[in-house]
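Remarks on the structure that follows.
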Amino acid sequence: MKKAFLLLVAFSLFQTLQAQRQELTYYLPNITYDSKIPTPEAFLGFQIGEWHVTHDQQVAYLRKLSELSPRFRLTEYARTYEMRPLIYLTITAEKNHSNLVELKAKHLQVSNPSESSKADLNAAPLVVWQGFSIHGNEPSGGNAAMLMAYYLAAGQSPEIDQLLNNTIILFDPCFNPDGFQRFSTWANQHRNRHLTGDPADREFSETWPGGRFNHYWFDLNRDWLMGAHPESRGRAKIFQEWKPNILTDHHEMGTNASFFFMPGVPTRVSQIPPKQNQELTAKIGNFHAKALDQIGSLYYTQEGFDDFYIGKGSTYPDFQGCIGILFEQASSRGHLQESTNGPLTFAFTIRNQVRTALSTQAAAVAMKQELLEHQRDFYQSAIQEAKNDSRLGYVFGDDYDPARLDRFVEILRRQHIEVHELGGSVSAEGKTFNPGAAFFVPMEQNQYRLVRGIFETGKTFIDSIFYDISSWTVPMAFNLQYAAVAKKGAENSKLMGKKVEGAQVERAKPAAPSLSNYAYLLEWEHYYAPRALTHLQAKGLRSKVASQPFKLGGKNYPQGTILLGVQNQNLGAAEIHKLVGDITAELGVKFNAVETGLTPSGIDLGSNNFLTLRQPKVMIVVGETVGSNTAGEAWHLLDTRFDMTVSKVEADDIARVNLSRYNVIILGDGTFGAIGNAGAAKLKEWVAAGGTIVAIQRAITWLKSQGIGFVEIRELKDPANKGRMPYGGIMDDMGAQDNPGAIFEAELDLTHPLAYGYRNAKMPVFRDGELFLEKGKNPYSTPLLYTNNPLLSGYMHRKWTEQVKNAAGIVVSGQGQGRVIFMADNPNFRAHWYGTNRLFLNAVFFGNLISGAALEQEQKK
């Protein structure tokens with residue numbers, strides 16, 4: 001008994017010691033520091049590592065440093081959705097700040113191949129971008145940033161002088177302020193005075209959705225290229241403005257790991273950047289190894305993580321003459337947690353991040369010449385490779401929807417990619433592209449390698465395991481027609497029209513329609529047509545949708561055209577005309593005024609084939625057992641792009657909520673166990689009474705298990721193993737069978753309500769996971785079907801090749817008076833897939849109108 005008591009006392013004492021503050025020298029070099037600069041502890045009232053710094057505390061401290069230190073200049077570059085400032089510090093010697101414009105010009109000359117041969121590499125500064133905590137619940141980076149800022153503001157040593165004299169540091173203390181604030185609040189409010197390392201403690205079990213994501217529950221470390229969010233768009237602007245030589249990205253991983261730094265797995269690297277990128281990454285890695293060896297920290301490299309997907313912070317730079325470096329620190333996820341490597345304190349995780357931030361700076365000083373030479377050679381060789389490329393460039397366009405087209409051009413221009421309007425009609429790869437509705441991107445430009453990364457497809461890979469997706473061909477994500485233009489026989493005058501100079505396309509909005517006392521017709525092909533319809537419905541205006549084509553006023557109108565009658569509305573003709581004009585000016589959609597309901601061909605405007613629309617009242621199921629990404633993607637899409645009011649309801653509240661408030665319920669990817677039996681029964685009753693469920697990915701499996709809707713999941717048979725397999729290869733063999741994310745070709749029934757607004761029956765869809773659906777037994781119930789050879793780009797294990805042919809992408813089921821729309825793929829993936837958003841929106845607006853004769857029903861046995 002006495003022995004047990006002594007052990008208990010000893011353990012309690014250990015925990016108390018762990019809770020005590022660490023000296024500044026635990027983290028930083030023991031050098032002289034300027035006494036006029038406050039330490040983080042003096043400013044905050046606690047030492048870094050004792051508590052989790054909140055984002056507002058971080059910003060306040062860095063603002064104070066920028067006021068006091070002539071080495072610092074603070075810039076606010078964006079605001080998050082929750083209106084938190086995104087800031088970075090430009091850190092360099094005081095004398096450099098007085099000459100910053102000239103130094104910046106000298107640096108940018110190195111990355112301009114038309115001038116770089118004249119660049120003086122000795123006079124050009126190296127630019128290092130150090131960034132932290134893009135995942136909000138990976139806090140050691142953002143807390144380490146406080147210490148690093150103090151070191152750079154107050155430190156007095158020859159090493160710091162050499163660093164600041166020759167280097168410009170772009171210091172971003174927190175890539176994800178909203179998530180960082182969310183997590184710090186959680187960790188601090190659950191901190192014990194006497195710390196516990198028990199992994200079961202509530203401190204280590206964040207409530208859904210956790211702090212990893214931004215406001216709309218997106219992973220910002222997948223958005224560097226596409227820029228769906230203000231945080232990412234701000235970062236891209238900084239990157240292109242400065243063209244850094246090194247970019248570091250400080251993360252965390254599982255508690256039982258150690259520390260990772262790049263390079264990653266050698267065979268899982270994009271083949272577009274030159275090999276020197278990985279060689280320099282490894283050379284910089286030697287500095288990290290030395291720094292961690294000095295404090296006895298375990299680490300590893302060249303395993304687990306890759307350098308392939310261009311949308312990640314450590315790979316995006318590699319395509320642009322910069323060395324991107326990922327750091328991954330084992331996470332305490334709070335203040336102290338037991339691990340297989342012993343007690344893991346928050347302070348320890350911060351120290352490792354500080355030491356590798358310091359080693360990055362040491363590498364920058366030692367390797368300045370090499371890194372500048374790499375950047376110069378990168379862009380010079382890019383131009384030479386472009387000259388040797390058989391392709392002149394890429395042409396892309398869309399004859400019916402300028403919004404998706406212009407958004408894609410905006411992404412290209414944000415990356416400083418040269419884009420031209422067409423000077424005439426062009427044919428390439430059997431497709432025709434027309435001026436005003438198409439653009440051309442030449443290969444021979446500084447961003448040649450980034451252009452390749454955006455436009456190229458691939459089906460063969462050195463390795464078969466991917467940390468993230470295996471394909472992201474951007475024009476496919478936008479469902480744009482595009483083609484490579486061969487140099488031989490190309491008509492340059494038609495391709496190289498007016499150069500797009502600004503960040504966006506200068507396009508005149510359609511003229512407002514004339515005043516009509518009869519009706520207006522809204523063309524549904526425009527990406528923002530659903531937003532226009534939302535505005536009409538918000539004013540209480542009745543509208544209908546054409547389920548058959550017709551011709552009127554010399555124009556052919558397809559299914560999906562929206563009819564807005566003028567008479568018997570709650571607004572007068574003049575008010576409706578003004579509203580329609582305002583919507584046209586804001587969104588660029590096309591309304592046509594008509595004065596008769598009699599058509600020369602097709603249905604008349606009073607036909608019963610014009611179906612009355614109801615205003616969607618949308619619920620998104622959220623909370624525990626729900627995939628936060630797909631839920632957030634649906635929320636973001638409806639809220640920010642289409643101005644729709646949505647309700648987010650916790651899964652475990654379904655049984656108690658008044659479901660009659662809603663007519664559309666969205667279930668994203670997830671297991672949905674939190675809904676429970678009572679909630680499932682209530683949901684089933686609601687659907688039977690006329691509601692519409694839109695189910696994405698694994699929600700299908702849960703609905704099927706609850707008898708809600710009727711769908712058959714295709715059983716994928718795993719071919720039997722032949723012979724013995726080496727045990728050492730088991731993880732790689734299993735990983736190779738995953739579907740990490742590829743692009744499939746699907747065939748669309750253009751007459752179906754879910755296809756309204758589409759013009760081409762063949763379309764690309766993003767596909768990940770192993771949930772495949774059988775075609776519906778009702779021949780009308782499968783509006784989207786994979787083709788016989790569906791893989792357009794990306795990796796798919798050969799064992800699935802035959803089994804995924806002609807699988808269903810969407811199946812529509814009946815359930816009493818309601819509809820259940822099963823979507824095997826995520827149409828809103830990462831807010832990047834503009835091309836498939838319409839499938840989802842059509843399900844929301846038109847799902848209840850799908851004919852009962854076209855629905856899957858329970859099969860009698």
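The values are calculated or read from the model by the stated rules, or taken from the named source; none is laboratory data. From a predicted model like this one, the values you see are computed outputs, not experimental measurements. Glycine gets a Cβ as well: all are built from the backbone with ideal geometry, and neighbour counts include every protein chain shown. Side chains are part of the model used for accessible areas, which takes the heavy atoms of the whole protein and leaves out ligands, DNA and RNA. Shrake-Rupley method; radii C 1.70, N 1.55, O 1.52, S 1.80 Å.
Observations on the model:
- Subtracting the Cα-Cα distance of Ala200 and Lys617 from 0.36 nm times their residue separation leaves 146.2 nm of extension gain.
- Accessible-area value, Lys64, 1.4 Å probe, nucleic acids and ligands omitted, Å²: 70
- Protection-proxy order for peptides 259-271, 132-144, each taking the mean of Cβ atoms within 10 Å per residue, highest first: 132-144, 259-271
- Segment Trp208-Lys498, extension gain: residue separation times 0.36 nm, minus the distance between their alpha carbons: 99.5 nm
- Size check on segment 397-455: the Cα extents along the three principal axes, sorted descending, read 28, 23, 18 Å.
- Gain in span if fully extended, Glu115 to Lys487, counting 0.36 nm per residue against the direct Cα distance: 131.3 nm
- Carbon and sulfur %, accessible surface of the chain computed with the full protein complex present, 1.4 Å: 49
- Each listed q (0.19, 0.22, 0.25, 0.27 Å⁻¹) maps to a log10 I(q)/I(0) for segment 108-162, found by the Debye formula over equal Cα scatterers with no solvent: -0.81, -0.86, -0.95, -1.02.
- Percentage relative contact order, the chain, counting C-alpha pairs under 8 Å, at least six apart: 10
- Estimated D of segment 290-348 in µm² per second, where Rh is the Kirkwood radius over Cα pairs and Stokes-Einstein applies at 10 °C, 1.306 mPa s: 115
- Shape metrics for the chain, restricted to C-alpha atoms - Rg then Dmax, Å: 28.9, 99
- Rg/Rg_ref, segment 779-861, where Rg_ref = 2.2 N^0.38 Å and atoms are Cα: 1.25
- Here's the list of lysines a cross-link from Lys64 could span, going by alpha-carbon distance under 16 Å and ignoring same-chain residues fewer than 8 apart: Lys36.
- If you bin all the Cα-Cα distances of segment 359-483 at 5 Å, starting from zero, the percentages per bin are 2, 9, 16, 18, 16, 15, 11, 6, 4, 2, 1.
- Segment 132-172 and segment 509-567: distance between their alpha carbon centers, rounded to Å: 56
- Solvent-accessible surface of protein heavy atoms, probed at 1.4 angstrom with all chains present, puts Glu506, Glu67 in the order Glu506, Glu67, largest first.
- Of the DSSP H helices in the chain, those whose Cα atoms cover at least 27 Å axially and whose Kyte score averages -0.5 or more: 346-366
- By the rule of a C-alpha distance below 23 Å, with chain neighbours fewer than 8 residues away ignored, the lysines paired with Lys799 are Lys459, Lys717, Lys722, Lys775.
- When the residues Tyr299, Tyr400, Tyr780 are ordered by accessible surface, computed with a 1.4 Å probe over the protein chains alone, the sequence from largest down reads Tyr780, Tyr400, Tyr299.
- The simple spin-label model puts a point 7 Å past each Cα toward its Cβ; for Met725 and Lys799 those points are separated by 0.6 nm.
- Burial ranking of peptide ranges 150-163, 457-470 (average Cβ count within 10 Å, highest at the top): 150-163, 457-470
- Averaged over its residues, segment 561-612 has an accessible area of 47 Å² per residue, based on protein heavy atoms and a 1.4 Å probe.
- Convex hull of segment 319-373 built on C-alpha atoms - directionally averaged projected area, nm²: 5.1
- Accessible surface computed residue by residue for segment 357-506, with neighbouring protein chains in place and a 1.4 Å probe, gives 39 Å² per residue.
- Sum of -39500 (n - 2.57) over DSSP H runs of 4+, divided by residues of the chain (222 nm, nearest 500): -9500 deg cm²/dmol
- P(r) of segment 541-686 over all Cα-Cα pairs, binned every 10 Å from zero, in whole percent: 10, 28, 26, 21, 13, 2
- When all protein chains stay in place and ligands, DNA and RNA are ignored, the 1.4 Å accessible-area order of Leu44, Leu344, largest first, is Leu44, Leu344.
- Looking at segment 43-164, the accessible area is 35 square angstrom per residue; that uses a 1.4 Å probe and ignores ligands, DNA and RNA.
- Burial ranking of peptide ranges 805-812, 333-340 (average Cβ count within 10 Å, highest at the top): 805-812, 333-340
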